[in-house]
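Take a look at the structure set out below.
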Amino acid sequence: MDLLIPEFGTIIWSFIGFLITFLILAKFAWKPLLKGLKERDNSIAQALQAAEAAKRDVSQLHTESEKLLAEAKAERDKIIQEAREFKESVMNNAREQAKQEGHKLISEAREAIRSERAAAIQDIKNQVAELSVAISEKILVRELADPAKQQELIEKTLNELKFN
């Protein structure tokens, strides 16, 4: 049983050894250990703050990127709409100009046809007149070759003039 119950002197020397070890540790080891733990606690707190700041920055950047993306989409839609309007405007102007040009060409063609027709009619009239004069001349030469017929024609013409 002596092994289970220690002697009084052993207890005192064990207590004195424990007390000396505790005082040495308290004086030399305790402060550096507490200082190390405090530094570690501060570094963990700083890391958590940095993580929170990074999280806020990422969230802010995400919000800004979504805003920029929305602005870019709006700008793209605006540019596409302006391009469509410009295309429609150009096409309408081209159609209108083509219509005007077509009407102008048709009017010029009609006017050219009218003038050509008038010239052709005038040419036909001149040819008919020349032919009539040539035919009349031949008929008159043949009819008036006889002096009796000449006298008869003169009298007939004078009688017609008197009645008119």
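Relative to the longest principal axis of the Cα atoms of the chain, helix 8-24 runs at roughly 40 degrees.
The calculated 222 nm mean residue ellipticity attributable to helices in the chain amounts to -34000 deg cm²/dmol, summing -39500 (n - 2.57) over DSSP H runs of n ≥ 4 and dividing by all residues. Across the range 65-73, computed HN-Hα scalar couplings (Karplus, 6.51 cos²θ - 1.76 cosθ + 1.60, θ = phi - 60°) run 5, 5, 5, 5, 5, 5, 5, 5, 5 Hz from first to last residue, x flagging Gly and Pro.
FYI, it's all coordinate maths here, none of it is from the lab. In this text the structure is predicted, and so the values were computed from the model without any measurement.
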